[in-house]
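The values are calculated or read from the model by the stated rules, or taken from the named source; none is laboratory data. Keep in mind the model is a prediction, meaning the values are calculated, not measured. Backbone-built Cβ (ideal geometry, glycine too); neighbour counts: all protein chains shown. The area values use the complete protein model at the heavy-atom level, side chains included, leaving out ligands, DNA and RNA. Shrake-Rupley method; radii C 1.70, N 1.55, O 1.52, S 1.80 Å.
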Amino acid sequence: MVTVGTDPLVTIALPARNAELTIRQTLESLRWQTLESWELLLMDDGSTDGTADIVRAVGDPRMRVVSAERSAGLATRLNESIDLARGRYFARMDADDIAYPDRLRAQVDYLECHPEVDLLAARALVFKGDGEIVGLLPWQGEHRAIVARPWSGIPMPHPTWCGRTAWFRRWRYAYPDAARAEDQELLIRAANASTFAACPEILLAYRQGSYSASKTLKGRFGRARAFARHALAAGDLVGACRAWALALAKAGVDLAAALPGFDALYFRRMSGQPDAAQVREWELLWLRLRDL
């Protein structure tokens with residue numbers, strides 16, 4: 001039973017802009033959570049469609065819409081969410097992804113049992129709009145392995161994050177020069193003074209849209225810029241050069257992926273495929289959601 005009027009255990013930050021085609025499935029996956037003590041902050045980033053109306057129509061008192069007339073971007077909306085959060089834990093979610101039913105419970109249980117961990121991610125399955133499985137995103141379980149190659153990217157999928165609200169309030173998101181790399185910039189900046197981890201279970205399904213070379217390149221160079229700035233501040237000129245060299249090399253592949261018939265190159269980032277049990281689990285979840 002959900003108790004309204006008490007502070008929730010988890011605040012879920014969900015910035016959204018013009019997401020009316022996917023938001024219903026996302027909301028329903030949250031309402032099925034086995035941990036019921038949560039609040040959702042739907043940060044409507046200047047939508048011109050019915051995104052906010054869909055959330056309000058659900059009628060769940062745990063879901064709050066915070067609307068803005070103009071778009072200000074992801075970092076701004078996430079920082080606003082951090083300021084508004086009432087939960088002890090702060091979780092991320094995107095408006096087109098699917099949370100597995102045990103997502104919040106598994107992550108909160110982990111954080112309760114590991115007080116040294118500041119930020120927790122999870123394994124993520126990637127799917128297309130029709131439910132077809134693409135693969136699994138790269139994953140590492142413990143801090144040393146997670147931050148072993150920061151110049152190449154820290155494998156903590158942003159929509160899977162769940163951490164201590166106090167940690168988010170300490171570090172916050174950078175704006176505006178980290179656009180499309182907000183998560184990586186924060187991880188790079190906080191890594192040496194934080195402890196990261198990730199659950200081994202698949203707890204989120206990440207919806208893969210059509211490939212966009214411009215968005216991919218913007219994120220790639222944003223990450224390289226963030227790492228290079230951090231490395232130069234620490235006197236690591238070699239590290240800064242390595243980050244830019246790797247970004248330029250990968251950008252060549254990104255551009256090739258934009259050519260007709262070569263978009264499969266984009267999916268080289270997959271770390272593997274789910275096993276039979278994981279496939280079946282996803283199929284059952286998608287069956288409940290596909291007609292919403």
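When you scan the stretch 68-76, do you find a residue that is of a type outside the set (Lys, Arg), farther than 21 Å from Leu203 by Cα and crowded, with 19+ Cβ neighbours inside 10 Å, even just one? Yes, there is a match, as at least one residue in the stretch 68-76 is of a type outside the set (Lys, Arg), farther than 21 Å from Leu203 by Cα and crowded, with 19+ Cβ neighbours inside 10 Å.
Let me confirm something: among Ala166, Ala106, Ala178, Ala122, which residue is surrounded by fewer than 17 Cβ atoms within 10 Å (Cβ to Cβ) and not hydroxyl-bearing (Ser, Thr, Tyr)?
Among Ala166, Ala106, Ala178, Ala122, only Ala166 is surrounded by fewer than 17 Cβ atoms within 10 Å (Cβ to Cβ) and not hydroxyl-bearing (Ser, Thr, Tyr).
Residue pairs whose Cβ atoms lie under 8 Å apart, separated by 6 or more positions or on different chains, with the first residue in the stretch 94-120 and under 17 Å from Gln208 (Cα atoms) and among the hydroxyl-bearing types (Ser, Thr, Tyr) and the second open to solvent by 40 Å² or more (accessible area, probe 1.4 Å) and assigned to a helix (DSSP H, G or I), are Tyr100/Glu281.
Restricting Ile133, Ile154 to residues that are under 30 Å from Cys241 (Cβ atoms) and either open to solvent by less than 10 Å² (accessible area, probe 1.4 Å) or touching a helix residue (DSSP H, G or I) at 6+ places or on another chain (Cβ under 7 Å) (or both) narrows the list to Ile154.
Can you list the strands (runs of 3 or more DSSP E) found entirely within the stretch 1-118 that contain at least 2 residues being more than 19 Å from the chain's Cα centre (by Cα)? Write out each step before concluding.
Values: elements: 10-16, 38-45, 63-68, 89-92.
Of the strands (runs of 3 or more DSSP E) lying wholly inside the stretch 1-118, those with at least 2 residues that are more than 19 Å from the chain's Cα centre (by Cα) span 63-68.
One residue alone among Pro138, Pro101 is within 25 Å of Ile202 (Cβ to Cβ), modelled with pLDDT under 95 and not charged (D, E, K, R), and that residue is Pro138.
Step by step: first the residues of the stretch 246-264, then only those that are farther than 14 Å from Gly153 by Cβ, open to solvent by 60 Å² or more (accessible area, probe 1.4 Å) and in a helix (DSSP H, G or I), then the one that is modelled with the highest pLDDT. Which residue is that? Among those residues, the one meeting the criterion is Leu248. Looking at Thr34, Thr51, Thr3, which is the one that is at pLDDT below 95 and of a type in the set (Ser, Thr, Tyr)? The unique qualifying residue is Thr3. Say whether the condition of being closer than 27 Å to Leu27 by Cβ, outside any helix (DSSP H, G or I), touching a residue at least 60 places away in the same chain (Cβ under 8 Å) and among the β-branched types (Val, Ile, Thr) is met by at least one residue in the stretch 128-140. Yes: the stretch 128-140 contains one or more residues that are closer than 27 Å to Leu27 by Cβ, outside any helix (DSSP H, G or I), touching a residue at least 60 places away in the same chain (Cβ under 8 Å) and among the β-branched types (Val, Ile, Thr).
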